[in-house]
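Working notes for the structure below.
What follows draws every value from the coordinates through simple rules; no lab data is involved. Here the structure is a predicted model, which is why all the values come from computation and not from measurement. Neighbour counts are summed over all protein chains in view; Cβ atoms, including those assigned to glycine, are modelled from backbone coordinates with ideal geometry.
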Ligand code: P6P
């Protein structure tokens, strides 16, 4: 059995070489899956370049509403288009599901070689674009042969994801990825245009004392949340909330603590989307040793019914999440 590579800081491992090395560990992998991941990495580089110009190219910084009647920036559509163009020539991609598309886009049937679905939020948190706050792309990859319903190969529980990750466009552009064997973080080196491995096998620190949620909605979170928040304040927790899921979850992954978007009066099912926000983030957090819960069970076990369905979200280190769930269950 080949010894897996030891990724250390003194190696120079790009995401391309990482993907190839991981693919070699799957003797029967045909490389198609790696081909999808490289397309997403390419899209991340192109979107990052566009975002840096959001104040310079005025066309990128005006707004409208998306298919859900939510505020939409042209950069949402530009990012959506870039991802579709980068994935479009991957001949094993069967279906795309995007927050910016009312319905999933069927590209190829199984007979035509369609084996995977890629679900994504092209630019999560884009309302923050003009404010210089980190925004991100979130993606989830599902394999059609694992689908229960061949007519809806993308509607699989999150535990079936073959890969998930995000690209955070912040002070640096980082891509965080898991293919089911740990969580790995790559930073874009603009000098060479490559995502370079900077952290491998990331583990969420246990017992982090940061809570991250929109406290303006606290009156409608439901019973137990008020007790939990008071307990956090009494025991020295700090509050950090950016309002951009990718940035808030990235901090939670690196520092521990709890990120949550509970049910609210305005969003009784929760605001965040299961298929391309909650599932990929819960996959990463669980791979890093944390917990991803809806409040009534693991997010990754939720059987989806619609590509845009919303769920309540609790993500964090096991100590923090257990403490919250125990308080809610009192
Ligand atoms: P609120 C951004 O609009 C988003 O979808 C997530 O990125 C973020 O976590 C959440 O909504 C913020 O919502 O209601 O707190 O502004």
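Could you give the angle, 0 to 90 degrees to the nearest 10, between helix 15-24's Cα long axis and the longest principal axis of the Cα atoms of the chain?
80
Using only Cα atoms, figure out Rg for the chain and give it as a multiple of 2.2 N^0.38 Å.
0.96
Evaluate the relative contact order of segment 163-284 (contact order divided by residue number), counting alpha-carbon pairs under 8 angstrom at least 6 apart; express in whole percent.
Worked out over segment 163-284, it gives 25 percent.
In µm²/s, what is D for segment 78-136 at 10 °C and 1.306 mPa s, where D = kT/(6 pi eta Rh) by Stokes-Einstein and Rh is the Kirkwood radius from Cα pairs?
128
When a footprinting reagent is the concern and you count Cβ atoms within 10 Å, what order do 291, 330, 90 take, fewest first?
Starting with the residue having the fewest Cβ neighbours, the order is 330, 90, 291.
So how do 158-167, 216-225, 299-308 stack up, highest first, on mean other-Cβ count within 10 Å?
158-167, 299-308, 216-225
Report, in whole Å, the centroid distance computed from the Cα atoms of segment 77-132 and segment 144-207.
15
In degrees from 0 to 90, rounded to the nearest 10, what is the angle of the helix 74-87 Cα long axis to the longest principal axis of the chain?
It works out to around 40 degrees.
How far is helix 318-328 tilted off the main Cα axis of the chain, in degrees rounded to 10, range 0 to 90?
For 318-328 against the chain, the angle is about 50 degrees.
Would you mind classifying segment 15-199 by shape? Square roots of the alpha carbon gyration tensor eigenvalues, ordered a ≥ b ≥ c; an a/c under 1.5 is rounded, otherwise it is prolate if a/b is larger than b/c and oblate if not.
Taking the square roots of the gyration eigenvalues as a ≥ b ≥ c, segment 15-199 is oblate.
Restricting the count to DSSP beta bridges whose residues both fall in the chain, what percent are antiparallel, rounded to a multiple of 5?
85
Arranged by the count of other C-beta atoms within 10 angstrom, fewest first, what order do 230, 38, 140 take?
230, 38, 140
Find the relative contact order for segment 255-322 and round it to a whole percent, using C-alpha pairs within less than 8 Å whose residues are 6+ positions apart.
Taking the mean separation of contacting Cα pairs over the length of segment 255-322, I get 46 percent.
So how compact is segment 173-330: Cα radius of gyration and Dmax in angstrom?
So, for segment 173-330, Rg and Dmax equal 15.7, 54 Å respectively.
Compute the whole-percent fraction of alpha carbon pairs in segment 104-228 spaced more than 24 Å apart.
Above the 24 Å cut-off, segment 104-228 has 50 percent of its Cα pairs.
Test of understanding: ordering 99, 215, 145 by Cβ neighbours within 10 Å, fewest first, what list do you get?
Lowest to highest Cβ neighbour count: 145, 215, 99.
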